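Worksheet: one structure, shown below.
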Amino acid sequence: MHHDALSEAQILDGLGTLCLGQRILLYERVDSTNSVARSLAAAGEPDGTVVIAEEQTAGRGRLGRTWLAPGGTALLLSVIFRPCLMPERIQALTMMTALALRDALLLSTALRAEVKWPNDVLLSGRKAAGILTEARTMGTSVEFAVVGIGLNVNQQEGALPIPDATSVALELGHPVPRVPLLQTILRCLDRRYQRLQGGQPPTAEWAAALVTLGQRVQVVCGERTYLGLAESVDDSGALLLRLDDGQLFRAPAGDVHTAPA
Ligand code: BT5
């Protein structure tokens, strides 16, 4: 197994970002970088702080699911944001992060990633990264948000938890050094965050990047399943599904599966 250790000094070397990674906190092992980042944010840690871990003992997905990655193989990080966003626009952070991951994968590995609604990044149709955005709101504003990124980098086949997952190394046929890839991700995120803070929402670009749109899909929202054509998304990140009876259904969150034609 390829193991290239991360170091704060290497990550900061020539980083050149405006906001992201002004502070980088690197841990060998934590329960979840999102949990660590949330506590730090609640204690006043500034916009752009990055929490990274080599290993998580309780990595989280949405809805109590787990995120699994063997130590030292993946990129597991959470970014603290203090965005000028209304709480109902918080998914803009997930959108910009998915786009930044796609940008960074193209720049740094030449792989062409796809974005799947609502929070996945795919390589060759398989899940290579997941994004978990959590926010604390105060009235009509977002006090802080934590955006967690789990990107499969150097995992080999047996090290992936589900058959539908892949890694950068599996796609390229060889492992890659994680530090330059991480730096590229932070730079791409930094640029997109500046744009978001400047008032430019990522929705149109995100919609254009989504493989989900135009597909006939099954959307699972809690206990219920809806079948229809994924028509568009709105600024809150919700999926607009054209049901077979012609009605438009708005799915604020959920999971999509390709449906038989
Ligand atoms: C996600 O949830 O995809 C968000 C994952 C975010 C993980 C990062 S790691 C750093 C930060 N700290 C945390 O504690 N979390 C964030 P969701 O869409 O609910 O998908 C979760 C599902 O993805 C699981 O139930 C598995 O089926 C699958 N999964 C778990 N580990 C995976 C992996 N390494 N690669 C691909 N799929 C995985």
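Some notes on this structure:
- Cβ-to-Cβ counts within 10 Å put Tyr27, Tyr226 in ascending order as Tyr27, Tyr226, the fewest first.
- Fully extending the segment from Asp4 to Met138, taken as 0.36 nm per residue of separation minus the present Cα-Cα distance, adds 44.2 nm.
- Footprinting exposure proxy for Cys221, Cys19, Cys84, Cys188 (fewest neighbouring C-beta atoms within 10 Å first): Cys84, Cys221, Cys19, Cys188
- Helix 91-109 axis, angle to the chain major axis (alpha carbon atoms, nearest 10°): 60
- At an R0 of 41 angstrom, the distance between the Cβ atoms of Gln247 and Gln197 translates into a FRET efficiency of 0.65.
- Think of it as helices only: each DSSP H run of n ≥ 4 in the chain is worth -39500 (n - 2.57), and spread over all residues that comes to -7500 deg cm²/dmol at 222 nm.
- Share of Cα-Cα pairs in the chain lying beyond 22 Å, as whole percent: 54
- Across the stretch 64-73, coupling constants 3J(HN,Hα) worked out from phi with the 6.51/-1.76/1.60 Karplus curve, θ = phi - 60°, read x, 7, 9, 10, 10, 7, x, x, x, 9 Hz, and Gly and Pro carry x.
- Straightening the chain between Leu111 and Leu240 buys 43.6 nm, computed as 0.36 nm per residue apart minus the Cα-Cα spacing.
- Residue order for Thr66, Thr94, fewest other beta carbons within 10 angstrom first, comes to Thr66, Thr94.
- For the pair Thr225 and Arg29, a Förster radius of 41 Å applied to the C-beta separation gives a FRET efficiency near 0.60, rounded to the nearest 0.05.
- Cα long-axis angle, helix 33-42 against the chain (0 to 90 degrees, to the nearest 10): 80
- Simple label model, 7 Å out from Cα along Cβ direction - Ala58 to Ala204, nm: 4.3
- For the chain, a Gaussian network of Cα nodes joined below 10 Å ranks Gly199, Gly21, Gly71 by mean-square fluctuation, and the top entry is Gly199.
- Residue separation of His257 and Met86 scaled by 0.36 nm, minus their Cα-Cα distance, works out to 58.6 nm of gained length.
- Between helix 178-197 and the chain: long-axis angle, C-alpha atoms, 0 to 90°, nearest 10: 60
- Computed over the stretch 212-252: relative contact order in percent, which uses C-alpha pairs under 8 Å that are six or more apart: 29
- Ranked by the mean number of other Cβ atoms within 10 Å per residue, highest first, peptides 144-156, 164-176 order as 144-156, 164-176.
Readers should treat all values here as calculations from the given coordinates under stated rules, not as data from a laboratory. Not measured: the values here are computed from a predicted model. Don't worry about glycine lacking a Cβ; one is built from the backbone with ideal geometry, like all the others, and counts go over all protein chains shown.
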